[in-house]
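The values are calculated or read from the model by the stated rules, or taken from the named source; none is laboratory data. For clarity, every value in this text was computed on a predicted model and none was experimentally measured. We place every Cβ from the backbone using ideal geometry, glycine too, and count neighbours over all the protein chains shown.
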Amino acid sequence: MNIKNISVIGAGTMGNGIAHVFAQAGFKVNLIDVNAAQLQKALTTIDKNLDRQVTKGSLTAEQKTVTLANINTVNSIADGVKNAGLVVEAATENTELKLQIFKQMDEHAPQGCILATNTSSISITKIAAATKRPELVIGMHFMNPVPVMKLVEIINGYATKKEVTDTIVDLSKQLGKVPCVVNDYPGFIANRILMPMINEAIYSLYEGVAAVEEIDTVMKLGMAHPMGPLQLADFIGLDVCHSILKVLHDGFGNPKYAPCPLLVNMVLAGKLGVKSGEGFYTYTPGSKDLVVSSRFKN
């Protein structure tokens with residue numbers, strides 16, 4: 001499959017990152033969102049991230065200009081996907097929303113267009129069942145921040161054709177990423193392993209085993225993790241962690257995946273991490289910069 005035109009649905013953190021890397025690799029990208037302000041915010045973010053690459057010497061000013069020129073913003077799915085060879089959905093991690101979007105993608109994208117989802121936990125097979133082309137549906141799970149992280153977790157649905165998998169593997173390599181192909185079971189690989197670790201770290205705090213900074217320091221210095229699990233949970237979003245754990249719990253029926261009561265309460269209280277300014281740590285407004293540890297102290 002010779003794919004030149006990419007459509008990305010959703011201009012949030014993941015969507016703008018996905019649009020960025022495809023455009024930088026020379027693809028023509030339609031970045032789609034119904035919210036015009038969100039599209040403008042996404043372009044501003046991409047511009048700043050490209051400036052950072054130029055400053056570091058990993059990109060030239062000319063390459064930045066070309067990358068931005070490769071991105072077109074669109075307000076409707078129907079208009080944005082009509083010429084696409086690949087559509088990547090990067091909307092909020094909400095099953096019903098994704099199913100609605102995939103029905104629209106299927107209706108308006110060209111015959112033969114691959115439909116991918118950036119979901120981190122929702123069944124690819126379930127999403128594919130909302131379309132008339134399940135053999136062309138696949139998971140393409142990028143990691144945050146997309147321009148920096150090398151992994152793309154590629155998830156085959158029950159009906160995904162080998163040709164589609166091979167195409168997505170090749171495209172991921174063209175982006176300078178490392179593709180890892182896995183099968184469609186709850187949490188795939190990344191979150192099936194990561195989320196129980198984060199949940200156990202929250203339980204350790206909940207049960208008074210240690211305070212926030214101590215838990216994270218043990219994992220950073222003792223296990224060589226670049227970020228502790230509680231700070232990582234803040235970065236991901238505690239609501240997202242909660243949602244993924246619920247998918248694991250529902251999918252496997254195993255109580256070990258049940259979200260810690262502390263996590264449940266923090267989500268209910270709106271303490272979602274970086275996005276809300278407070279989670280296990282507090283953050284500078286509008287920034288991922290950690291200020292001080294939050295109220296969780298020994």
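Hey, among I168, I236, which residue is in the same structural domain as I138 (by TED's automatic domain parsing) and of a type in the set (V, I, T)? Residue meeting the stated conditions: I168.
Considering only residues in region 95-123 that are closer than 22 Å to D250 by Cα and in contact with a Ser or Thr (Cβ under 7 Å, 6 or more places away or on another chain), the one that is modelled with the lowest pLDDT turns out to be I122.
For (1) surrounded by 13 or more Cβ atoms within 10 Å (Cβ to Cβ); (2) under 21 Å from the mean Cα position of the chain (by Cα); (3) modelled with pLDDT of 95 or more; (4) part of a helix (DSSP H, G or I), each residue gets a yes or a no:
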position	(1), (2), (3), (4)
N30	yes, yes, yes, no
A37	no, yes, yes, yes
K41	yes, yes, yes, yes
T44	no, yes, yes, yes
D47	yes, yes, yes, yes
Q63	yes, no, yes, yes
L68	yes, no, yes, yes
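All told, M266 meets the bar of being touching a Leu at 6+ places or on another chain (Cβ under 8 Å), outside the structural domain of T165 (by TED's automatic domain parsing) and surrounded by 15 or more Cβ atoms within 10 Å (Cβ to Cβ). Within this structure, T131 passes the test of being part of a loop (DSSP other than H, G, I, E, B) and more than 26 Å from H242 (Cα to Cα). Please verify whether I154 is crowded, with 19+ Cβ neighbours inside 10 Å, in the same structural domain as P259 (by TED's automatic domain parsing) and not in a loop (DSSP other than H, G, I, E, B), treating the condition exactly as stated. No.
Looking at G176, G222, G237, G228, which one is of a type in the set (G, A, S), at positive phi and over 16 Å from the mean Cα position of the chain (by Cα)? After ruling out the rest, the residue left standing is G176.
For D250, the stated conditions hold: it is under 30 Å from I138 (Cβ atoms) and touching a Pro at 6+ places or on another chain (Cβ under 8 Å).
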